Amino acid sequence: MAFEGLSERLQKTFSKLRGKGKVTEADVREMMREVRLALLEADVNFDVTKTFIKTVRERAVGSEVLESLTPAQQVIKIVNEELTKVMGTTAVALNNAPKIPTIIMMVGLQGAGKTTSAGKLVHYLQTEQKARPLLIAADVYRPAAIEQLQTIGQQLQVPVYDEGTQVDPVTIVEHGLTQAREQKNDYVLIDTAGRLEIDTQLMDELRRIKDLAQPNEILLVVDSMTGQAATHVAEGFNEQLDITGVILTKLDGDTRGGAALSIRAVTGKPIKFIGSGEKLAALEVFHPDRMANRILG
Ligand code: GDP
């Protein structure tokens, strides 16, 4: 289960406070040392952890806690609030274009769940808004990626625009957008190529697609199982493409929590959705407060 290690460690740390009628500054310091270790072990970014601990410690040695009759609850409340803040405080909606179509470019490393997430997002838009999206297959390096997208399109009964693997992806996107405008699709999702790591050729191609399509959203799909690496990937893509948000996948696995807790603080960009399974319905809007509650158990 996601965050299991982190949840257990935090709960254990807080349970030591529960028996206490009064909490001293020394108790708070000791507890925060343990919280710090728990966060680092969950692969939370070092600087994010440092700032988080400092903020919680400052609040927790205030009168709000030290003079409280229920100090343990007060501390947990502060930790909950600050975890929520680190993850962005509130859910952030999709940027919709003032005039259809809203163009969403999906980017990410190979295997992160980009193509699957494109399908999930289509399903979400169909369910929530009765949308009529078009998918564009712009990953021309893997024939299997185009087939995968076509299969998803059939399952969801949405058109998938592709021109095989021999045409420049920018041209494919241009033609796909023309079709979407003609057929009045309200959303266009562009599935772009991924690589095993960030390289200049990939980034150049993505920038060319971005320049042409002028997307309303550039959603970076990252695999939460990769922990700190997911945060680095988010930093890299954001520097190169100025992404608008993140889809964090595979939160149904035993991910430790580092990516969920670090990405917003490191990149300044919100996690907009989380993937919680392989099925097309397994996509949820990311709510920082619910995630904090889940972590604190
Ligand atoms: P891409 O290379 O980034 O397009 O990745 P794919 O969309 O092909 O996904 C790679 C693998 O991850 C596939 O086996 C997906 O079923 C799986 N996957 C994607 N998202 C999730 C998720 O949220 N949870 C789980 N358990 N698996 C996922």
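The values are calculated or read from the model by the stated rules, or taken from the named source; none is laboratory data. Everything numeric here is computed off the predicted structure, so don't read it as measured data. For neighbour counting, all protein chains shown are included, and Cβ atoms are generated from backbone atoms with ideal geometry for every residue, glycine included. Only protein heavy atoms, including side chains, enter the accessible area calculation; ligands, DNA and RNA are left aside. Shrake-Rupley method; radii C 1.70, N 1.55, O 1.52, S 1.80 Å.
Largest first and to the nearest Å, give the Cα extent of the range 86-236 along each principal axis.
42, 40, 29
Output wanted: per-residue J couplings in Hz (rounded whole) for the range 251-259, from phi through Karplus 6.51 cos²θ - 1.76 cosθ + 1.60, θ = phi - 60°, x for Gly and Pro.
Each residue of the range 251-259 in turn: 6, 7, x, 9, 4, 7, x, x, 5 Hz.
What angle do you read, to the nearest 10 degrees and between 0 and 90, between the alpha-carbon axis of helix 71-86 and the longest principal axis of the chain?
So the helix axis and the longest Cα principal axis differ by about 20 degrees.
Shape call for the range 1-153 from the C-alpha gyration tensor, a ≥ b ≥ c root eigenvalues: rounded (a/c under 1.5), prolate (a/b greater than b/c) or oblate? List each step's numbers first, then the result.
Numbers: a/c = 3.44, a/b = 2.53, b/c = 1.36.
The shape class here is prolate.
Long-range amide H contacts for I136: which residues qualify at under 5 Å (H placed 1.01 Å from N, peptide plane, sequence gap of 5 or more or a different chain)?
Close amide H contacts, sequence-distant or interchain: Y161, L189, I190, D191.
Report the semi-axes of the equivalent ellipsoid for the range 195-262 in whole Å, largest first, where each axis is √(5λ) for an eigenvalue λ of the Cα gyration tensor.
Each semi-axis is √(5λ); the values are 24, 13, 9 Å.
Return one number: the angle in degrees, 0 to 90 and rounded to the nearest 10, between the long axis of the Cα atoms of helix 4-18 and the longest principal axis of the Cα atoms of the chain.
Value to nearest ten degrees: 20.
Could you state the angle between the C-alpha long axis of helix 200-213 and the longest principal axis of the C-alpha atoms of the chain, as a value from 0 to 90 degrees rounded to the nearest 10?
It is inclined by approximately 70 degrees.
Carbon and sulfur together cover what percent of the accessible area of the range 83-235 at a 1.4 Å probe radius? Write out the running numbers ahead of the final one.
Details: 3260 of 6660 Å².
Accessible surface attributable to carbon and sulfur in the range 83-235 totals 49 percent.
Tell me the Rg and the Dmax, in Å, that the Cα atoms of the chain produce.
Answer for the chain, Rg first and Dmax second: 21.4, 71 Å.
Which of K130/K269; K99/K269; K12/K85; K22/K85; K16/K114; K77/K99 have a Cα-Cα distance over 32 Å?
K16/K114; K77/K99
So what is the relative contact order for the chain, in percent, with contacts set as C-alpha pairs under 8 Å and at least six apart? Before the final figure, lay out each step's value.
Details: 563 pairs, mean separation 78.6, N = 297.
It rounds to 26 percent for the chain.
I'd like the distance between the alpha-carbon centres of the range 80-150 and the range 212-245, rounded to an integer number of Å.
12
In debye, nearest 20: dipole of the range 28-163 around its Cα centre with unit charges on the Cβ of K, R (+) and D, E (-)? Write out the running numbers ahead of the final one.
Values: 15 positive and 15 negative charges, 46 e Å.
In total the dipole reaches around 220 debye.
Please give the solvent-accessible surface of F52 in Å², to the nearest 10, using a probe radius of 1.4 Å with every protein chain present.
10
Given only helices, namely DSSP H runs of n ≥ 4 each adding -39500 (n - 2.57), what is the per-residue ellipticity at 222 nm of the chain, to the nearest 500 deg cm²/dmol?
Values: 12 runs with 158 residues, N = 297.
After summing the helix terms and dividing by residue count, I get -17000 deg cm²/dmol.
Evaluate the charge dipole of the chain about its Cα centre and quote only its size in Debye, nearest 20, assuming +1 on the Cβ of each Lys and Arg and -1 on the Cβ of each Asp and Glu.
On the way: 35 positive and 39 negative charges, 224 e Å.
So the magnitude is around 1080 debye.
What whole-number value in Å² describes the accessible area per residue of the chain for a 1.4 Å probe? Intermediate results must be reported in sequence, preceding the final value.
Values: 13430 Å² over 297 residues.
Dividing the accessible area of the chain by its residue count gives 45 Å².
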